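Read the structure below first, then the notes.
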Amino acid sequence: MATMSHPTGVDQIGETAGIVWRILAEQGPLSLAKLVKESDLHRDLVMQAIGWLAREDKVTIEEEARAKVVYLR
């Protein structure tokens with residue numbers, strides 16, 4: 001009998017990075033708060049995914065007015 005496994009650790013961060021990338025591709029630049037809300041995932045996991053994407057040079061994060069905004073490169 002096969003059991004479904006849930007991604008953990010690095011796998012989960014990588015999957016979340018894919019979700020974040022798709023949201024940004026569909027909706028354009030978003031503040032960190034809106035990105036967390038749109039993803040419906042835990043804030044810490046979204047932040048780790050953004051770090052992953054930033055490390056891969058896929059996103060930039062800019063300070064605007066009162067929020068940090070994430071852009072696809």
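Close Cβ contacts (under 6 Å, 6 or more residues apart or on different chains) running from residues in segment 37-63 that are under 12 Å from Trp21 (Cα atoms) to residues that are at pLDDT 95 or above and among the polar types (S, T, N, Q) comprise Val46/Ser39; Ala49/Thr16.
For segment 15-67, the candidate set comprises residues that are in a helix (DSSP H, G or I) and among the β-branched types (Val, Ile, Thr); within that set, the residue that is surrounded by the most Cβ atoms within 10 Å (Cβ to Cβ) is Val20.
The values are calculated or read from the model by the stated rules, or taken from the named source; none is laboratory data. These figures come from a predicted structure and were not determined experimentally. Reconstructed Cβ throughout: ideal geometry from the backbone, glycine too, with neighbour counts over all protein chains shown.
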